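Got a structure here, written out as structure tokens. Questions coming.
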Amino acid sequence: MEWQAEGTVLAQRPHGENAVIIDVLTMEYGRRAGLVPGGASRKRSAMLQPGTRLALRWRARNDDQLGHFAVESCGSRSALLLDPLGLAGLNAVCALLIFALPERDPHPVLTGLTEILLDRMNAGGDWGEAYLTWEMRLLEDMGFGLDLERCAVTGASEGLAYVSPRSGRAVSRAGAGEWADRLLPLPAILGGVGDNRGNGLAEGLAITGHFLEKRLAGELVGRPLPAARNRLIRRLLAH
């Protein structure tokens, strides 16, 4: 078995004295792992850091084997390693993808958004809203997408101010009634009219964080979210 593609390194770990196993995200083949002989050398290890774009050739006798990678660098995103916020973002994205994505299951839209997000992180500037959009897409691809178009109670598309923490559906002020204090505020950044400080990024990340923890981690994966996500949110909201 053999295939060729480009992908981004999500993680590497040592294997024996000279090799490493890398986890990569590819558009065509999803999240894949493979052995890189000689990958533990100083030169090659630097090329296999998380965030690096690689040209990959994967070979194995059978498709269900670990397989070997032949790799060449095609983009380093080295600026991420020099920026504490960017590095926290890279760590969170990589950790969440490894946590959530089944191996060998392609998610082309999420993969495309991941590449765009990492490029924006590498360029610096304000990428908080792009990260929120990425978490929304991660939830959708994992089967926990939020329905924020219409009120779950009245069916109205205007005046949406809350999200149900159980169903992930939007609720209007009129539809919330006496249950408002049990709902999550829906900020303008996600199409709501709820009151929030700043641009609503904190409220938006509280919504995605709730469903990542309760649905993705609690129901699907069965273990806590990676700590890298909380470290990023603290840095991002203090930035």
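Accessible area per residue, 1.4 Å probe, Å², for the chain: what's the number? Walk me through the numbers before you get to the answer.
Numbers: 12060 Å² over 239 residues.
Counting only protein heavy atoms, the per-residue value for the chain is 50 Å².
Around ALA11, which amide H atoms from residues at least 5 apart in sequence, or from another chain, sit under 5 Å from its own amide H, with H modelled in the peptide plane?
Distant-sequence amide H within range of ALA11: ASP23.
Going by average Cβ neighbours within 10 Å, how do the peptides 153-159, 4-10, 109-115 rank, with the highest at the top? Provide the component values of the computation, followed by the final result.
Details: 153-159: 13.7, 4-10: 20.0, 109-115: 17.6.
Ranked from most to least packed, the peptides come out as 4-10, 109-115, 153-159.
Per the Kirkwood formula on distinct C-alpha pairs, the Rh of the range 118-162 is how many angstrom?
Working: mean 1/r = 0.0790 Å⁻¹.
12.7 Å is the Kirkwood radius here.
Relative to the longest principal axis of the C-alpha atoms of the chain, give the angle of the C-alpha long axis of helix 201-211, reported between 0 and 90° and rounded to the nearest 10°.
The two axes meet at around 80 degrees.
State the extension gain, in nm to one decimal, for the chain segment bounded by GLU103 and ARG223, taking 0.36 nm per residue of separation less the distance between their alpha-carbons. Show your work: numbers first, answer last.
Numbers: separation 120, 0.36 × 120 = 43.20 nm, distance 1.74 nm.
Result: 41.5 nm gained on full extension.
Show me, for the range 37-44, the HN-Hα J-couplings you get by feeding each phi into the Karplus relation (A = 6.51, B = -1.76, C = 1.60, θ = phi - 60°), rounded to Hz, glycine and proline as x.
Each residue of the range 37-44 in turn: x, x, x, 7, 5, 4, 5, 6 Hz.
Would you kindly derive the ³J(HN,Hα) couplings of the range 221-229 from the backbone phi angles with the Karplus curve 6.51 cos²θ - 1.76 cosθ + 1.60 (θ = phi - 60°), listing them in order in whole Hz, with x for Gly and Pro?
8, x, 8, x, 4, x, 4, 4, 5
Can you work out the FRET efficiency for the pair ARG166 and GLU140, with r the C-beta to C-beta distance and R0 = 25 Å, to the nearest 0.05? Intermediate results must be reported in sequence, preceding the final value.
Working: r = 18 Å, r/R0 = 0.70.
With R0 = 25 Å, the Cβ-Cβ based efficiency is 0.90.
Could you tell me the calculated FRET efficiency between ASN199 and SER76, based on Cβ-Cβ distance and R0 = 41 angstrom, to the nearest 0.05?
Numbers: r = 31 Å, r/R0 = 0.76.
The pair ASN199/SER76 has a calculated efficiency of 0.85.
Rounded, prolate or oblate: pick one for the range 147-239, where a ≥ b ≥ c are the square roots of the eigenvalues of its C-alpha gyration tensor, a/c under 1.5 means rounded, and failing that, prolate if a/b is larger than b/c, else oblate. Write out the running numbers ahead of the final one.
Details: a/c = 2.63, a/b = 1.44, b/c = 1.84.
Verdict is oblate for the range 147-239.
Also, quick follow-up: Counting C-alpha atoms alone, how compact is the range 75-169: give Rg to one decimal and Dmax as a whole number, in angstrom.
Spelled out, the Cα radius of gyration and Dmax of the range 75-169 are 16.0, 50 Å.
Once label points are set 7 Å from the Cα along Cα→Cβ at both GLU17 and ALA60, what is their separation, rounded to one decimal in nm?
Distance between label points: 2.6 nm.
On to the next question. With Rg/Rh (Cα atoms, Kirkwood Rh) defined as stated, name the option among (i) 0.96; (ii) 1.04; (iii) 1.33 computed from the structure displayed.
Label of the calculated value: (ii).
Show the residues, 5+ positions off or on another chain, whose built amide H is closer than 5 Å to the amide H of ALA152.
Result for ALA152 returns ALA170, VAL171, SER172.
Quickly estimate the mean residue ellipticity at 222 nm for the chain, helices only: each DSSP H run with n ≥ 4 gives -39500 (n - 2.57), and the total goes over all residues, rounded to 500.
Working: 7 runs with 80 residues, N = 239.
That calculation yields -10000 deg cm²/dmol at 222 nm.
What are the residues whose amide H is under 5 Å from the amide H of SER76, where those residues sit 5 or more places off or on another chain and H is modelled from the backbone?
Sorted by chain and number, the residues that satisfy this are ARG53.
Excluding ALA123 itself, calculate the net charge of residues whose Cβ lies under 14 Å from the Cβ of ALA123, where each Lys or Arg counts +1 and each Asp or Glu counts -1. Write down the numbers at each step before the final one.
On the way: positive: ARG77, ARG120; negative: ASP83, GLU115, ASP119, ASP126.
Surrounding charge for ALA123 is -2.
Could you run the Karplus curve 6.51 cos²θ - 1.76 cosθ + 1.60 with θ = phi - 60° over the range 48-57 and give me ³J(HN,Hα) per residue in whole Hz, x for Gly and Pro?
Taking θ as phi minus 60°, the curve returns 9, 6, x, x, 6, 8, 10, 8, 10, 10 Hz for the range 48-57.
Report the residue, chosen from ASP63, ASP119, ASP83, that carries the largest GNM mean-square fluctuation when the chain is represented by alpha-carbon nodes joined by springs under 10 Å.
So, out of ASP63, ASP119, ASP83, the one fluctuating most is ASP63.
The values are calculated or read from the model by the stated rules, or taken from the named source; none is laboratory data. Given the structure is predicted, the values throughout are model-derived calculations rather than measurements. Don't worry about glycine lacking a Cβ; one is built from the backbone with ideal geometry, like all the others, and counts go over all protein chains shown. Accessible surface is based on the protein model in full, side chains and every heavy atom, while ligands, DNA and RNA are left aside. Shrake-Rupley method; radii C 1.70, N 1.55, O 1.52, S 1.80 Å.
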